[in-house]
1. If amide hydrogens are placed 1.01 Å from N in the peptide plane, which non-local residues have theirs closer than 5 Å to the one on A:Thr103?
2. Per the protein assembly as shown: cysteines with no other Cys C-beta under 4.7 angstrom?
3. For region A:54-69, take each phi angle, set θ = phi - 60°, evaluate the Karplus expression 6.51 cos²θ - 1.76 cosθ + 1.60, and give the result in whole Hz per residue in order, putting x for glycine and proline.
4. State whether the protein assembly as shown is rounded, prolate or oblate according to the following rule on the C-alpha gyration tensor (a ≥ b ≥ c being the square roots of its eigenvalues): a/c under 1.5 gives rounded; otherwise a/b larger than b/c gives prolate, and the remaining case gives oblate.
5. If you wrap region B:47-107's Cα atoms in a convex hull and average its projection over all directions, what's the area in nm²?
6. About the Cα centre of chain B, how large is the charge dipole given +1 on each Lys and Arg Cβ and -1 on each Asp and Glu Cβ? Please answer in debye to the nearest 20.
7. How many percent of Cα pairs in chain B exceed 23 Å?
8. Quick one: how many lysine pairs in the protein assembly as shown have C-alpha atoms under 18 angstrom apart, if they're 8 or more apart or on different chains?
Amino acid sequence: DAGVIQSPRHEVTEMGQEVTLRCKPISGHDYLFWYRQTMMRGLELLIYFNNNVPIDDSGMPEDRFSAKMPNASFSTLKIQPSEPRDSAVYFCASSRQGGFGDTQYFGPGTRLTVL
Amino acid sequence: AQSVAQPEDQVNVAEGNPLTVKCTYSVSGNPYLFWYVQYPNRGLQFLLKYITGDNLVKGSYGFEAEFNKSQTSFHLKKPSALVSDSALYFCAVRDMEGGGNKLTFGTGTQLKVEL
């Protein structure tokens, strides 16, 4: 199994630009999660999907952030316009069936730097 | 709300010695607890989890964790540390709200194993 795949691995952009992060979950996994990791706030859940449907987006910081999952094998996290405080590592994770005992598997992350 | 605490920002141990990385939790109801490891510039890797049953849980790479209900702890242990174990370790607890699909992570403990 290839694991969770994220692209790009690194992104450097200027303030005001649109940024799109991509994720391919593990095949057969019904749940997909987007996290953000910063030194100040640690790991934060931004949004998660079940069977391509957004279930909880309460962690999305602002309207500048949006996420989509058009099919079972692809999701995007978009920031428009980007700001320097969005600089962080963004992780995508997937899990098979959800629920209390289910395990989330993480991708390698995208390191975003907004200048 | 569920939470976990990792009281030590950093743990130093000599190679060959036993290691312990501490985690305490606060939950309403039964706890579902996880340990992940993060190597530099990598995503989080699942180590082990406690759902129910034996208080001693065995996981990947020789790690184990001891669940202690009376002390509300879930400490990560390894009998003999390796330099390659040096990494950032996260404890996490399942959020019981909303179907239990959300994980709340601790702040992380940096483990440094020295020769």
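1. Residues meeting the criterion, in which the H sits 1.01 Å from N, are A:Arg96.
2. When partners are defined as cysteine Cβ atoms under 4.7 Å apart, the protein assembly as shown leaves no cysteine without one.
3. Karplus values, whole Hz, x for Gly and Pro: x, 9, 9, 10, 5, x, 5, x, 8, 5, 5, 9, 9, 9, 9, 9.
4. prolate
5. On the way: hull surface 20.5 nm².
Averaged projected hull area, Cα only: 5.1 nm².
6. Working: 10 positive and 10 negative charges, 40 e Å.
Taking the Cα centre of chain B as origin, the dipole is about 200 debye.
7. 23 percent
8. 20
Only the coordinates and a few stated rules stand behind these numbers; no lab work does. The model shown is predicted, which means the values in this text are computed figures rather than measured ones. Don't worry about glycine lacking a Cβ; one is built from the backbone with ideal geometry, like all the others, and counts go over all protein chains shown.
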